[in-house]
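Below is one structure, written out as C-alpha cells; comments come after it.
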Amino acid sequence: KFKPRVFSGIQPSGGLTLGNYLGAIKRFVEMQDQGIETIYCMVDMHAITVWQDPDALKRQTRELAAGYLAAGLDPKKSILFNQSQVSAHAELGWVFNCVARMGWMNRMTQWKDKTSGKDAEKASLGLFAYPSLMAADILLYHATHVPVGEDQKQHVELTRDIATKFNHDYKVDFFPITEPVIEGAATRVMSLRDGTKKMSKSDPSDASRINLTDDADTISKKIRKAKTDAEPLPDSFDALADRPEAKNLVNIYAALAGMTKDAVLAEYAGQGFGAFKPKLADLAVESLSPISTEMARLMQAPDEIDAILGQGADRADAIARPIMERTYDIVGM
Ligand code: ADP
Ligand code: NA
C-alpha cells in the first residue's frame with residue numbers, strides 16, 4: 001500500500017559533528033544513491049524548543065544545508081528543505097498533539113535526560129511535545145523508512161504508536177507504520193572526552209567532538225588529545241568491552257575506512273594509542289577535508305543554498321499538502 005519513501009531530519013541547533021555525519025548523513029547519501037525516494041529536512045522548528053539566537057539559527061540552518069550538500073546529497077536525487085517552509089508540519093503536529101498521550105511523552109528518555117526535577121518546570125512546552133512534531137515530520141510524507149542514530153529509536157517507536165492510534169481511532173489505514181533504519185558502522189559515536197556520553201553538537205566542550213567545519217590541525221589535535229587508556233589494542237572488538245574510549249576510536253576508524261572493526265584490529269593489534277591515533281587523525285582529515293572545503297565554498301554562496309531549499313520546499317509541499325487535506329477530512333474538518 002505504501003511505496004518506499006525515506007524521510008529524516010537534523011536540527012540546525014549548532015554545527016554538524018562527526019556523530020551526525022557517521023550516524024545520519026552518510027546513511028542519507030547511501031539511501032539516496034540506492035534510488036529510493038529520499039526527503040531530508042533541516043528541522044528548524046525542533047531547534048527552537050530550546051533558545052536559539054535568531055541570527056545564529058539562520059546561519060546554522062544554511063550551514064546544515066551546506067553540510068548535507070557537501071557530504072553528497074544531490075538536490076536532483078533528494079528533496080532538501082527547511083521544516084518551517086512547509087506549514088503542514090505544524091498543522092499535522094497539532095493534530096498529533098491531540099492523538100498522542102501525556103504519558104507517552106513523559107516516558108521519552110530524551111525528555112527525562114534533558115529535564116531533571118525542577119528543570120522540567122522551566123522547559124518549553126515545545127520540548128515536551130517534540131516527539132509528536134517529529135511524528136508529523138515523518139508521517140506527513142507517508143515515509144516508510146527513517147534513517148537515524150540509536151538515540152532516536154524511541155522517537156520512531158512513538159511515531160509508530162501515533163500512526164497506530166490515529167488509524168485505530170478514525171478506523172482508517174491512512175498512516176504507514178514507519179521502520180527506523182539504524183544501520184551502518186557508527187550509529188552511536190561517543191564523546192572524545194568521555195566514552196560513556198554521545199558526541200553531540202550541544203556538548204559544552206568543543207574538544208569532545210569533531211565538527212565538520214574543523215580544519216586539519218584542529219581535527220588532528222582533538223584526536224591526539226582524545227581520552228584513552230594505556231593498554232595496547234587487542235585483536236578482537238569483543239575484548240574492548242570495558243574500554244569505552246578505545247572502543248569508540250576503533251569504531252570511528254572502521255566507519256571512516258569502511259572496514260569491519262575486527263579488520264581494523266587485525267591491522268593494529270598489539271599497538272598502543274601512540275601509534276593508532278596519528279593514523280586515525282590522518283584518516284579523519286582525509287575523509288572530512290573535502291566536505292569542509294565544499295561547505296566553506298557553499299557558505300560563501302548563500303543564494304545558491306536558498307534557491308535549492310526553496311525548490312525543495314515546493315516539492316515537499318506538493319507531497320505534504322494532499323496528505324494534510326486528507327487528514328483534515330478524516331478528522332472531520
Ligand atoms: P545532536 O544530538 O548532535 O544535536 P540531532 O539530535 O539533530 O543531533 O540528530 C541528528 C541525527 O544525527 C539523528 O539521526 C541522530 O540520531 C544522529 N546522531 C546525533 N549524534 C550522534 C552520535 N553521536 N552518533 C551517531 N548518530 C548521531
Ligand atoms: Na539527538
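The values are calculated or read from the model by the stated rules, or taken from the named source; none is laboratory data. All figures in this text were calculated on a predicted structure; none of them were measured in a lab. We place every Cβ from the backbone using ideal geometry, glycine too, and count neighbours over all the protein chains shown.
General remarks:
- Count of the range 9-31 residues which are near ligand 1 (Cβ under 7 Å from one of its atoms) and among the β-branched types (Val, Ile, Thr): 2
- The range 182-196 - residue that is within 10 Å of ligand 1 (Cβ to nearest atom) and in contact with an Asp or Glu (Cβ under 7 Å, 6 or more places away or on another chain) and, of those, nearest to Pro244 (Cα to Cα): Ser191
- Where a residue in the range 138-163 is within 13 Å of ligand 1 (Cβ to nearest atom) and its partner, wherever it lies, is of a type in the set (Gly, Ala, Ser) and in a loop (DSSP other than H, G, I, E, B), with Cβ under 6 Å and at least six apart: none
- The single condition from (1) under 21 Å from Val50 (Cβ atoms); (2) surrounded by fewer than 17 Cβ atoms within 10 Å (Cβ to Cβ); (3) within 16 Å of ligand 1 (Cβ to nearest atom); (4) of a type outside the set (S, T, N, Q) that Glu179 fails is (1).
- Scanning the range 196-207 for residues that are buried (at least 18 other Cβ atoms within 10 Å of the Cβ) and over 23 Å from Ala66 (Cβ atoms) gives a single hit, Lys198.
- Residue list for the range 9-37, restricted to those being touching a strand residue (DSSP E or B) at 6+ places or on another chain (Cβ under 8 Å), away from ligand 2 (no atom under 14 Å from the Cβ) and farther than 26 Å from Leu283 by Cα: Ile36, Glu37
- Of residues in the range 309-333 being in contact (Cβ under 8 Å) with a residue 24 or more places away in the chain and either charged (D, E, K, R) or in contact with a strand residue (DSSP E or B) (Cβ under 6 Å, 6 or more places away or on another chain) (or both), the one surrounded by the most Cβ atoms within 10 Å (Cβ to Cβ): Ala316
- Residue list for the range 18-54, filter: among the β-branched types (Val, Ile, Thr), part of a helix (DSSP H, G or I) and under 29 Å from Glu91 (Cβ atoms): Ile25
- Only listed residue being assigned to a helix (DSSP H, G or I) and assigned by TED's automatic domain parsing to the domain that holds Lys227, chosen from Ile308, Ile319, Ile252: Ile252
- Test for Ser84: is it assigned to a helix (DSSP H, G or I), of a type in the set (S, T, N, Q), without any contact (Cβ under 8 Å) to a residue 40 or more places away in the chain and closer than 29 Å to Glu37 by Cβ: no
- One residue alone among Val86, Val6, Val99 is within 15 Å of ligand 1 (Cβ to nearest atom) and either of a type in the set (Val, Ile, Thr) or at pLDDT 95 or above (or both), and that residue is Val6.
One line per residue, one yes/no per condition, for (1) of a type in the set (Asp, Glu); (2) under 22 Å from Met333 (Cα atoms); (3) within 15 Å of ligand 2 (Cβ to nearest atom); (4) assigned by TED's automatic domain parsing to the domain that holds Asn82:
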site	(1), (2), (3), (4)
Pro131	no, no, yes, yes
Tyr141	no, yes, no, yes
Val172	no, yes, no, yes
Ile177	no, no, no, yes
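- When Val99 is tested against (1) more than 16 Å from ligand 2 (Cβ to nearest atom); (2) farther than 23 Å from Cys41 by Cα; (3) out of contact with any helix residue (DSSP H, G or I) (no Cβ under 8 Å at 6 or more places or on another chain), only condition (3) is not met.
- Subset of the range 164-198 (residues that are more than 20 Å from Arg326 (Cα to Cα) and either assigned to a helix (DSSP H, G or I) or without any contact (Cβ under 8 Å) to a residue 12 or more places away in the chain (or both)): Lys197
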